[in-house]
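Since the structure comes first, as structure tokens, the remarks are kept for the end.
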């Protein structure tokens, strides 16, 4: 039996939670802009004209935050565990994709926790250190760490029939 025939113990694609749809974000931005325009008009009519640029800056910053959120939601990581390897394909929202391959027998899963909230999930093997699932929430990160540990244990103990 070749390494290609060994079972897959974990095959997961990690993605951040997507923001609202672009249409909804545009509606929210339009509503905020309309409200800010109403307030800016009120302040302008009262002679408080220095306030108006900040009302526009507020809308511009909200638009920038929505755009940054949409871009960050394009990140993903594909994690696959077989008996022969633990492969992690990292697809950042910007920049080059990269592939990391580790031997599942030697990988140590380290979950840094403060209380019951996991902060970061790190995979360590032979001097290499890889953070996985940085965009996941604490509960999702904990659940993934448990599934990964279980898959690595299964890969280490698997024997062909």
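Only the coordinates and a few stated rules stand behind these numbers; no lab work does. This is a predicted model, so every value here is computed, not measured. Heads up, the Cβs are rebuilt from the backbone with ideal geometry, glycines too, and the neighbour counts pull from every protein chain shown.
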Packing-based exposure ordering (other Cβ within 10 Å, fewest first) of 52, 122, 82: 122, 52, 82
Cα pair count fraction exceeding 15 Å, expressed as % - segment 22-72: 49
Between 0 and 90°, nearest 10: helix 52-72 axis offset from the chain longest Cα axis: 20
Fraction of alpha-carbon pairs over 13 Å apart in segment 95-135 - percent: 59
Helix axis angle, 138-157 relative to the chain longest principal axis, alpha carbon, degrees: 10
Relative contact order of segment 22-72, pairs being alpha-carbon contacts under 8 Å that are 6 or more residues apart, as %: 36
Euclidean distance between Cα centres, segment 109-161 to segment 37-89, Å: 30
Value of D in µm² per second that Stokes-Einstein yields for the chain, Kirkwood Rh from Cα pairs, at 37 °C (0.692 mPa s): 172
Principal axes of segment 1-87: Cα extent on each, largest first, Å: 82, 21, 11
Helix axis angle, 22-45 relative to the chain longest principal axis, alpha carbon, degrees: 30
Exposure proxy ranking, count of Cβ atoms within 10 Å, fewest first, for 88, 100, 31: 31, 100, 88
26, 148 arranged by Cβ crowding within 10 Å, fewest neighbours leading: 26, 148
